[in-house]
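Read the structure below first, then the notes.
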Amino acid sequence: MPITVNAGQRIFKLDTPNTSYICAVSDEPGYPGHVYYGPRIVDEDVTYLLRTAENPYVPTQNKRDKLSFMDCYPFEYPAHGTGDFRECALKVRTEEGYTACELHYTGYSIENSVSGPMPGVYGENGQVLAIELKDECLGLKVLLKYTVFDDCDAIIRHTEIISADRTIYLERALSASFDMDNDDYELVTLNGTWARERHIERKPIAHGFQGVYSGRGETSHQHQPFLGIVSKDCTYVSGEAIGVNLIYSGNFYAGVYEGQFDNLRVMIGINPEDFEWKLEAGESFITPQAVLVYSKEGLGGMSRAFHDLYRGHLIRSSWKDKPRPILINNWEATYFDFNEEKLLAIAKEAAESGIEMLVMDDGWFGRRNDDNSSLGDWFVNEDKLKGGLKKLVDGVNALGLKFGIWFEPEMISPDSDLYRTHPDWAIAVPGRTAGLARNQYVLDISRKEVRDHVFKVLSDILDNANIEYVKWDMNRPLSDLASLELPADCQKELSHRYVLGVYELQGRLMERYPGLLLENCSGGGARYDAGMLCYSPQIWCSDDTDAIERLMIQEGTALVYPLSTMGAHVSDCPNHTVGRVTPFETRGYVALAGTFGYELDITRIPAQDRAMIPGQVKMYHMYHELVAAGDYYRIASYSENRLYDSWMCVKKDKSGALLTFIQVMGRANCHSRRIKLQGLDPEKTYRIYRFDMENVREKPYGPEKAYRGDTLMNAGIIINNLWGDYKGILLHVISE
Ligand code: DGJ
């Protein structure tokens, strides 16, 4: 079993296949401290690492200098106000306004199954350790919960805070915190903006606080709830990498604090800014879950640990392990300018090419001919879709395609019947005109009455026609926060209640329509997070569909999230976001790293591109399983070398692999390139085939010979210089 407890010495050891995590309790009054997180070790008593002996100020022995102890002890869940002056995980306020809190160990329990609240991990082969802490003065109980599975190198932490007998305000309640030595670590974060999400950044860690956060009510285009704490020598292949990710879709805070003794405190949770939660006597608060992974195989090992956990223990959709239908989405094809005839023409040609689903994007409802109106009026625009939605869906189904639809359920346009009837449903501060973004307001989804309405209109549409896919969009951040239903001392609960409201709605949707394929989206990728993955097995990665820009976006996304979750489409050129022209073939190779689909007017693209689609569809069916279920290895990074990009997906049993190589920039007078493969079985022998896009079949690649896995990984293979910019090749590596 993964959890071992030495009750006498109060040591808690969590083992995953390759890692160990140890925390322990100091002498009385019993402070929980972080001892170790790293490669799996056998000894459980490594409590000398708490260094209490080095510290002459153990509080019971030397009350005079308690604060010196508090300010350097590696607290496992540091609380504010009693001498630890570093960033803390918990800050409470009493009704009198007092903020001091001190947590002491009081006991532990272990559960042998994992079925926490949504969103969160699940699974039968796991255990949950709860370490109980108390502040007797406050009547406060804190449960530090640790979930471990026997098949994943991840520790999942969250915290439950219970007020026994009085009203308490939580000003800060992070999900996890742990202290570690700073061996010259560097910090990796994922940052960007609209259409340029999740670019990887790396920098040395210095004294003080460094981190990222969102205050936008959503995860955001700008930052991810992720931290990589990596050794200086860490690459994709080797070196130490600790990854921390939050299973949450709202305001988050993720950071490291380097203190006076050069040690690090790593923290993640709900952003304390604009957050407060009132606990009445007997009430509890449960934080989102934080995922911790440790790898000695660098960033690559870290990614694979996240991917395995999310594919195996987080995503719940009935589509989780199924190949997703290849869809064609009309957004970049038509924007708002479409009607039934146009959609059916696209569907007809799509069906002839082997595409499996038509998705009707924004603009089908109310009077929505641009983005200035009608959000909230979820009834079909019969000027566009004559005869209604069912007629269109039946028509698309008759062509052999599934049908999917776009919604933006959390929003309301000022120019909508819904707003005219319920202006008070929009989030706004009474007496102040709320700010518009994309000419829309946000519905107060924290209110049950609003959620019930939204669910009813969604289900009315879904019940009316054979709709098998929903794209759930969200195109603006939250601002002007106020909820008419909350008392003054609970207004700061709104952002979190909003996120819980979204989860509740999506949960209801999945319960009522278990076969529905849900894709989350937020103006591209502003809600690409593990919280959303609990409800939707795929998320739209970015509104930038340019194959070259996508290399960096998809590389950053795959650092944490599985390829099976990355919404990726082949679109038309010049690309609508950057104006770049890339070969249709390359666009297909890049989209193959995700869910794969099309985002173009198939009736109008150049004939030679159109002719390539059936072959690309076949390519998807040949390789998708490898991509979706395999282990991901990064071979080369265009964001680092500015010339080429390459990644591999290797079957779990190592019997096959797919290597994608994209030459971004052609160069004059240069030699071939040597690429070292990864993840293969060193003992197995493999043959290499190149996917020939023109003839849609595989051809032997390079010398017709078998290679041992260790040769391919250590000596490598040759990729000849490709002619031109933006060229790519796919190599299928198959064991004999
Ligand atoms: C933003 C999404 O990312 C796009 O794909 C598209 O659905 C538009 N919204 C529609 O308004």
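The values are calculated or read from the model by the stated rules, or taken from the named source; none is laboratory data. Given the structure is predicted, the values throughout are model-derived calculations rather than measurements. Quick reminder, even Gly has a Cβ in these numbers, built from the backbone with ideal geometry, and neighbours come from all protein chains shown.
Listed values, structure above:
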read-out	value
Any hit, the range 691-712, residues being touching a helix residue (DSSP H, G or I) at 6+ places or on another chain (Cβ under 6 Å) and on the phi > 0 side of the Ramachandran plot	yes
Subset of the range 89-104 [surrounded by 22 or more Cβ atoms within 10 Å (Cβ to Cβ) and either in contact with a Lys or Arg (Cβ under 8 Å, 6 or more places away or on another chain) or closer than 26 Å to GLY531 by Cα (or both)]	ALA89, LEU90, VAL92, CYS101, LEU103
Of residues in the range 155-185 being under 26 Å from ARG86 (Cβ atoms) and among the small types (Gly, Ala, Ser), the one surrounded by the fewest Cβ atoms within 10 Å (Cβ to Cβ)	SER163
Residue selected from the range 582-597 under the condition more than 18 Å from ARG196 (Cα to Cα) and not hydroxyl-bearing (Ser, Thr, Tyr), by the criterion surrounded by the fewest Cβ atoms within 10 Å (Cβ to Cβ)	PRO583
Flag if TYR77 is in a loop (DSSP other than H, G, I, E, B), under 28 Å from the mean Cα position of the chain (by Cα) and among the hydroxyl-bearing types (Ser, Thr, Tyr)	yes
Selection from the range 522-535 of residues that are part of a loop (DSSP other than H, G, I, E, B) and more than 14 Å from the ligand (Cβ to nearest atom)	ASP529, CYS534, TYR535
ILE539 assigned to a helix (DSSP H, G or I) and surrounded by 20 or more Cβ atoms within 10 Å (Cβ to Cβ)	no
Candidate set from the range 458-504 (those that are basic (Lys, Arg) and within 16 Å of the ligand (Cβ to nearest atom)); member that is nearest to LEU533 (Cα to Cα)	LYS471
Boolean, GLU519 is charged (D, E, K, R), away from the ligand (no atom under 13 Å from the Cβ) and at pLDDT 95 or above	no
Given (1) within 21 Å of ARG86 (Cα to Cα); (2) without any contact (Cβ under 8 Å) to a residue 40 or more places away in the chain; (3) not acidic (Asp, Glu), index of the condition LEU143 fails	(1)
Elements of type strands (runs of 3 or more DSSP E) in the range 177-263, at least 1 residues being under 16 Å from the mean Cα position of the chain (by Cα) and among the acidic types (Asp, Glu)	196-204
Qualifying positions in the range 105-124 - under 19 Å from VAL291 (Cβ atoms) and outside any loop (DSSP other than H, G, I, E, B)	GLU111, VAL114, SER115, TYR122, GLY123
Residues of the range 274-304 satisfying the condition of being out of contact with any Ser or Thr (no Cβ under 9 Å at 6 or more places or on another chain), among the hydrophobic types (A, V, I, L, M, F, W, C) and farther than 29 Å from VAL650 by Cα	TRP277
Helices (runs of 4 or more DSSP H) wholly inside the range 554-643 that include at least 3 residues being in contact with a Cys (Cβ under 9 Å, 6 or more places away or on another chain) and not basic (Lys, Arg)	607-629
All helices (runs of 4 or more DSSP H) inside the range 285-377 with 1 or more residues being away from the ligand (no atom under 16 Å from the Cβ) and surrounded by fewer than 20 Cβ atoms within 10 Å (Cβ to Cβ)	298-313, 340-353
Boolean, ARG634 is buried (at least 24 other Cβ atoms within 10 Å of the Cβ), closer than 26 Å to HIS307 by Cα and charged (D, E, K, R)	no
Subset of the range 656-684 (residues that are surrounded by fewer than 16 Cβ atoms within 10 Å (Cβ to Cβ) and part of a strand (DSSP E or B))	ARG674
Residue list for the range 461-484, restricted to those being part of a loop (DSSP other than H, G, I, E, B) and either modelled with pLDDT under 95 or of a type in the set (A, V, I, L, M, F, W, C) (or both)	ALA465, ILE467, MET474, LEU478, LEU481, ALA482, LEU484
Residue within the range 384-403 that is within 15 Å of the ligand (Cβ to nearest atom) and in contact with a strand residue (DSSP E or B) (Cβ under 7 Å, 6 or more places away or on another chain) present	no
Test: residue in the range 666-681 that is modelled with pLDDT under 95 and in contact with an Asp or Glu (Cβ under 7 Å, 6 or more places away or on another chain)	yes
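Each row is one residue, and each column tells you yes or no for (1) assigned to a helix (DSSP H, G or I); (2) over 22 Å from LEU516 (Cβ atoms); (3) within 16 Å of the ligand (Cβ to nearest atom).
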| position | (1), (2), (3) |
| --- | --- |
| TRP406 | no, no, yes |
| LEU418 | yes, yes, no |
| VAL429 | no, yes, no |
| ARG432 | no, yes, no |
| VAL450 | yes, no, no |
| VAL454 | yes, no, no |
